[in-house]
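What follows draws every value from the coordinates through simple rules; no lab data is involved. Just so it is clear, the model here is predicted, and its values are computed rather than measured. Ideal geometry is used to build each Cβ from the backbone, glycine not excepted, and the neighbour counts take in all protein chains shown.
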Amino acid sequence: MNQSLEYRAPSWSWASVSCPVKYLPGWIASPEVTVIEAEAQPVVERSQFGRVSEGYIRLNGKLMHNLTVAPYHGHSYALRAYGSESHSIAAECTPDQLLGPADVEPEIFCLPLGTYIETSRALGDKLYVGLVLVAHEVQRRGYYRRWGIFKSHWGWFGDTDKQAPNHRYTNDGHSTIVLN
Amino acid sequence: MDVSLCGDCSDFLQSNHHDDCYGEESWRHFKDSLDCERLVSQVIQTANMGCNVCKTVVCKFRSLKPDLLVVAQKNGESVTFRVVIEEYYNTNLQWLEDIDRPFLRVSISQEEIKFRLWPISKTYEADCGVNDGDQSTGSESSFLRAEKWLRKCMHNHDNCNSVNTLGDWAPSRLLDIGPATNPFPTTIKLTKTESWQRSVHYTTLSHCWGSVQPFRLLRSNLSELMDGIPIDVLPKTFQDAIYATWRFGIQYLWIDSLCIIQDSKKDWDVESSLMAQVYGRCLLNLAATSSNDCTGGLFKNRPPSYLGSRFISVESMTDGFKSYYQLWDQNVWTDSFESAKLNTRAWVMQERLLSPRTLGFAKAQLFWECRCDRFSEEFPFGYPSELFERHQRGFPQPGIQDKLKTHSLNHHADSRFEDDHARRLSLAWHNLVMHYSEKEITYEQDKLPAISGIASLFAQ
């Protein structure tokens, strides 16, 4: 899980990390997000599939906040509601980059993607999956980058105290955010 | 075909091979055996006398743990032989039936080795063992085998013979080694193809640059190389690639370091974005599988541990019918080809997947893979794969299966979405990215360019 110093790809892309990546072997049912547009800017105009200088996904979704993350066990982090007792874990989270001992815990947001159907198993427990985001370094309303993913066995996305307020989305419409 | 067995192996296999009936059909098959113990010293002796099973066993133990046999022989230990039937089924690919797969398990104290007893038809006339004059992977008999694979593929495989719909096209530069009817050349030429207006047959080379800087095309030596390059100034891998190209009767060869100007950013950007065409349209991709840099060459002397094909026959005790099997070490493809350094390189992945046919010059034998088939010198009539794997390899990928070798891209293939084109394609892409992300890359900025050729095909 190493992010390179030189820009290679947007944070939501497999190409932004220099470690082996894994896709969950299945698909998302009843998606909670709608992609409005996605684009990447090639460095050399004629090699469309080569290097990129930037890229974004603009999407509609439900942003959750008032959440904290802390190392749980191994590479797995626990996602909890802000101020809640330590036992109530809202979701298990896998960060793209582990927090170092000196790192300040970031302010994180969650973007539920939907329920996950695993290919290699018969339908079993419902598993909710989504992205863990942080606000973009360059403060811009509604802009985020990927910090990790989360999995949860129950959907807590209806909880009103965890809904992010309007100013966490972009100006240009309801529940729109941009991922870089 | 050489089916020599010692008396002990012959008796052991025969007594565990049964004649049954399956309706009208006679069904001859192995069943689980009891342990058969033989002294290590005896097995070494029968191996030296040429028993195919004992030879294989001794050789495998030697390559795993060199001193195991010596110690075991001194201590008077024995070798345990056992036939084991492993049932195999997968509930997810619903058309699969359970099948019984016979294995030969052989152990000495705690060490165990295992071979699949792979049933074959007796129609294999050719002796596929190692002969005199066959000690190198560049030998005439290796080329004759590879030529058969090439001919078979060019005549029979629709997917391997289809090219992207660009019409006439040739890479911007090619190495011209002269008409194949000429004797083997002493010089070759770099040629520009811009005025050709036609497609030509050419081979490509997949190789590791490694720590040795290969001979390169630079702005300063462009005109010199177009006048002629003496073959003996080129590194061994390039020389061998020229020989192989000539030997297959092909006039042109494409090598990255000689066909892309290495100190021109502009040339590099343009040419590196054309990999889907360069590799996709070659007749054959020559892979320097056993070399870590350009000095290693393609051709190697086979190590003594390579025994060629090991056939066995089992005669029915009731009617004398002979069943034939081949001993299959199921790790061979992975250990000798897949995990070779060349195939761990990020750039090489698209060279391998895009080219319709790759001939891998590994340490002990040649490996062949095309969009439809796999061969190795040990399995010259088709490299075996288990039923489940065959279904996965053959999982339909319309739209890309005639542009890419897709068989490694179907993990988690699910009959539930066989008709869902988009999901099938995204499965293949995800598998591709997962494999690719494990590969090694020298310059992290190449991460997207080194897979852009394949990406452009998925985008079509």
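For the reader, a short list of remarks on this structure follows.
- Taking every residue in A:50-62 and counting other chain Cβ atoms within 10 Å of its Cβ, the average works out to 2.
- Amide H contacts of B:LEU39 (H built 1.01 Å from N, in plane; Pro and chain starts excluded): B:VAL79 sit under 5 Å, all sequence-distant by 5 or more or on other chains.
- Counting only the Cα atoms, the protein assembly as shown fills a convex hull of 213 Å³ per residue.
- To the nearest ten degrees, helix B:421-437 and the longest principal axis of the Cα atoms of chain B are 90 degrees apart.
- Relative pair counts by distance (%), Cα atoms of region B:238-390, 10 Å bins: 9, 33, 32, 15, 7, 3, 1, 0
- Sequence-distant lysines (8 or more away, or on other chains) whose Cα lies within less than 26 Å of B:LYS189: B:LYS236, B:LYS265, B:LYS266
- Degrees between helix B:236-247 axis and first principal axis of chain B (Cα, 0 to 90, nearest 10): 80
- Each listed q (0.16, 0.18, 0.28, 0.34 Å⁻¹) maps to a log10 I(q)/I(0) for region B:229-271 from the Debye sum over equal C-alpha point scatterers, namely -0.51, -0.62, -0.97, -1.16.
- Residues whose amide H falls under 5 Å from that of A:TRP147, counting only those 5 or more places apart or on a different chain, are A:VAL132, A:LEU133, A:VAL134, with hydrogens built in the peptide plane.
- Scoring B:173-180, A:156-163 by mean Cβ neighbours within 10 Å over their residues and listing the highest first yields B:173-180, A:156-163.
- Anisotropy class assigned to region B:327-460 is oblate, per the alpha carbon gyration tensor with a/c at or over the 1.5 cut-off and a/b no larger than b/c.
- When peptides B:359-367, B:451-459, A:90-98, B:287-295 are sorted by average Cβ neighbour count within 10 Å, with the highest value leading, the order is B:359-367, B:287-295, B:451-459, A:90-98.
- Stretching the chain fully between B:LYS122 and B:SER223 yields a gain of 30.7 nm (0.36 nm per residue, less the alpha carbon separation).
- Expected-Rg normalisation [2.2 N^0.38 Å, Cα atoms] applied to chain B: 1.08
- The alpha carbons of chain A stretch over 52, 40, 39 Å along the principal axes, in descending order.
- 222 nm mean residue ellipticity, helices alone, for the protein assembly as shown (DSSP H n ≥ 4; -39,500 (n - 2.57); rounded to 500): -6000 deg cm²/dmol
- Coupling constants for region B:294-310 follow from the phi torsions by the Karplus curve (6.51 cos²θ - 1.76 cosθ + 1.60, θ = phi - 60°), and in residue order they are 6, 8, x, x, 8, 8, 10, 6, 5, x, x, 6, 7, 10, x, 7, 10 Hz; glycine and proline get x.
- Over region B:261-309, the hull volume per residue, using the convex hull of the C-alpha atoms, is 129 Å³.
- Across B:LYS55/B:LYS300; A:LYS151/B:LYS341; B:LYS192/B:LYS447, pairs whose alpha-carbon gap is larger than 31 Å: A:LYS151/B:LYS341
- Modelled FRET efficiency - R0 60 Å, B:SER211 with A:HIS153, Cβ distances, 0.05 increments: 0.75
- Put a dot 7 Å past the Cα of B:HIS18, heading toward its Cβ, do the same for B:SER199, and the two dots end up 5.5 nm apart.
- Degrees between helix B:140-156 axis and first principal axis of chain B (Cα, 0 to 90, nearest 10): 80
- Grouping the Cα pair distances of region B:7-120 into 10 Å bins from zero gives a pair-distance distribution of 12, 40, 28, 14, 5, 0 percent in increasing distance order.
- Fraction of C-alpha pairs exceeding 16 angstrom in region B:399-460: 48 percent, rounded to a whole number.
- Summarising the label geometry, the points placed 7 Å from Cα in the beta-carbon direction at B:VAL233 and A:VAL43 lie 3.2 nm from one another.
- Average beta-carbon neighbours from other chains, 10 Å sphere, peptide A:20-31: 4
- Calculated Rg and Dmax of region B:129-247 using C-alpha coordinates, Å: 16.8, 50
- Across region B:7-120, the relative contact order, built from alpha-carbon pairs under 8 Å that are at least six residues apart, equals 21 percent.
- At full extension, B:LYS322 and B:SER339 could sit 2.4 nm farther apart than now, given 0.36 nm per residue minus the alpha carbon distance.
- Relative contact order computed over chain B (Cα-Cα under 8 Å; 6+ residues apart), in percent: 17
- Cα→Cβ-extended label distance, 7 Å offset, between B:GLN73 and B:GLN42, nm: 1.6
- Rounded to the nearest 20 debye, dipole of chain B from Cβ charges on Lys, Arg, Asp, Glu: 1220
- Coupling constants for region B:262-277 follow from the phi torsions by the Karplus curve (6.51 cos²θ - 1.76 cosθ + 1.60, θ = phi - 60°), and in residue order they are 6, 10, 10, 4, 5, 4, 5, 4, 5, 5, 5, 7, 9, 4, 4, 7 Hz; glycine and proline get x.
- Exercise: per-residue mean of other protein chain Cβ atoms within 10 Å, B:20-26: 0
- Phi angles of region B:443-460 translate, via the Karplus equation with coefficients 6.51, -1.76, 1.60 and θ = phi - 60°, into HN-Hα couplings of 10, 4, 5, 7, 3, 7, x, 5, 10, 5, x, 6, 4, 5, 6, 5, 6, 5 Hz per residue; Gly and Pro are given as x.
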